[in-house]
Amino acid sequence: MTQDIDDRLHRIAVNLLAQTRAGAVSWRVTDREYAFLYSGSRASILIVQYTDQDGDPAYRMDILNQRGTAIETLDYEWDFDGTGHEPAPQNAVLKELWEESRRNALQIDDVLDGLLEEIKHPPKFSDEPPF
Amino acid sequence: LILIPQLKWLASELDIAIKNEDADLTRRHLDNWRGQAAHVRGLLLADTSAGKKQLRDVQESVALAFTATTSLLEGKRPVLEACKQARESIGSVCNELSIWVAQQSTQSGRDEQ
């Protein structure tokens with residue numbers, strides 16, 4: 001049962017990443033600096049960057065129900081394979097989803113394109129007062 | 001429809017708590033918003049005249065109220081900064097729902113004629 005839920009959470013993350021890259025869904029900033037939100041009409045998805053016990057960045061995806069309660073979580077994990085710790089399959093997608101959600105919510109592309117445009121064609125400001 | 005004024009009252013109480021920099025009361029009002037707005041969202045879901053955007057915006061306000069609560073608990077920032085996004089979302093949901101109520105009233109007035 002838990003494996004089934006984890007599989008579905010993983011599929012949700014993969015699909016959401018693809019839709020975010022395609023520009024088909026929108027993310028927004030939240031009152032937590034490193035957390036970004038996607039909302040549907042029945043539930044929301046919160047992607048969070050946090051610091052793990054070793055002080056390294058880790059990522060978590062929370063599913064929030066109609067009341068805003070986190071009902072399921074897909075977390076950054078490390079699997080022990082007998083010789084050492086390997087990153088769990090979901091780690092890569094969680095990291096990419098956080099990066100893409102941040103890019104989308106903060107409209108980073110628009111800001112960079114605008115800057116580049118202004119640098120290439122600097123607006124001319126007159127030193128004369130406008131009167 | 002009678003729940004909408006309740007939501008607006010809650011939003012104004014939230015504003016007062018934020019203005020007074022009362023983090024505990026702000027958290028309580030945000031939590032109340034989550035409960036009340038979830039109830040309204042359920043009623044909107046059953047109403048065919050309510051659009052998907054309305055449902056999504058109410059859901060978003062509930063989720064943002066949750067993240068603001070966490071932000072307030074961390075206690076790193078002033079109350080207003082710690083719940084700015086949630087407050088904006090709650091304000092726009094109140095406006096949207098007020099417009100929707102007005103439209104519903106006009107429509108039912110026409111239907112009665």
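Within the set of pairs 6+ apart or on separate chains, which have a first residue in the stretch A:91-107 that is of a type in the set (Phe, Trp, Tyr), a second that is part of a helix (DSSP H, G or I), and C-beta atoms under 6 Å apart?
Here the result reads none, with nothing in the stretch A:91-107 linked to a residue that is part of a helix (DSSP H, G or I).
Okay, residues lined up against (1) part of a strand (DSSP E or B); (2) on the phi < 0 side of the Ramachandran plot; (3) in contact with an Asp or Glu (Cβ under 9 Å, 6 or more places away or on another chain):
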site	(1), (2), (3)
A:Gln3	no, yes, no
A:Val25	no, yes, no
A:Leu37	yes, yes, yes
A:Gly82	no, no, no
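Would you say A:Leu74 is touching a residue at least 60 places away in the same chain (Cβ under 8 Å) and not in a helix (DSSP H, G or I)?
Values: touching a residue at least 60 places away in the same chain (Cβ under 8 Å): yes; not in a helix (DSSP H, G or I): yes.
Taking the combined requirement at face value, the residue satisfies it.
Here are some conditions: (1) among the hydroxyl-bearing types (Ser, Thr, Tyr); (2) in contact (Cβ under 8 Å) with a residue 24 or more places away in the chain; (3) farther than 30 Å from B:His39 by Cβ. A:Thr83 meets all but one. Which one does it not meet?
(2)
Could you tell me whether any residue of the stretch A:48-59 is of a type in the set (A, V, I, L, M), within 13 Å of another protein chain (Cβ to nearest Cβ), crowded, with 17+ Cβ neighbours inside 10 Å and closer than 17 Å to B:Thr70 by Cβ?
Scanning the stretch A:48-59 turns up at least one residue that is of a type in the set (A, V, I, L, M), within 13 Å of another protein chain (Cβ to nearest Cβ), crowded, with 17+ Cβ neighbours inside 10 Å and closer than 17 Å to B:Thr70 by Cβ.
Any idea which of A:Ser26, A:Ser44 is touching a Gly at 6+ places or on another chain (Cβ under 9 Å) and within 14 Å of another protein chain (Cβ to nearest Cβ)? Talk me through it step by step, then tell me what you get.
Values: A:Ser26 fails: touching a Gly at 6+ places or on another chain (Cβ under 9 Å).
When all the criteria are applied, what remains is A:Ser44.
Quick one: which residue in B:Leu45, B:Leu73, B:Leu3 is under 28 Å from A:Met61 (Cβ atoms), modelled with pLDDT under 90 and of a type in the set (A, V, I, L, M, F, W, C)? Spell out the reasoning first.
Working: B:Leu73 fails: modelled with pLDDT under 90; B:Leu3 fails: under 28 Å from A:Met61 (Cβ atoms).
Of B:Leu45, B:Leu73, B:Leu3, the one residue that is under 28 Å from A:Met61 (Cβ atoms), modelled with pLDDT under 90 and of a type in the set (A, V, I, L, M, F, W, C) is B:Leu45.
The values are calculated or read from the model by the stated rules, or taken from the named source; none is laboratory data. It should be emphasised that the depicted structure is a prediction, and the values quoted were computed from it without experimental measurement. Note that each Cβ is placed from the backbone with ideal geometry, even for glycine, and that neighbours are counted across all protein chains shown.
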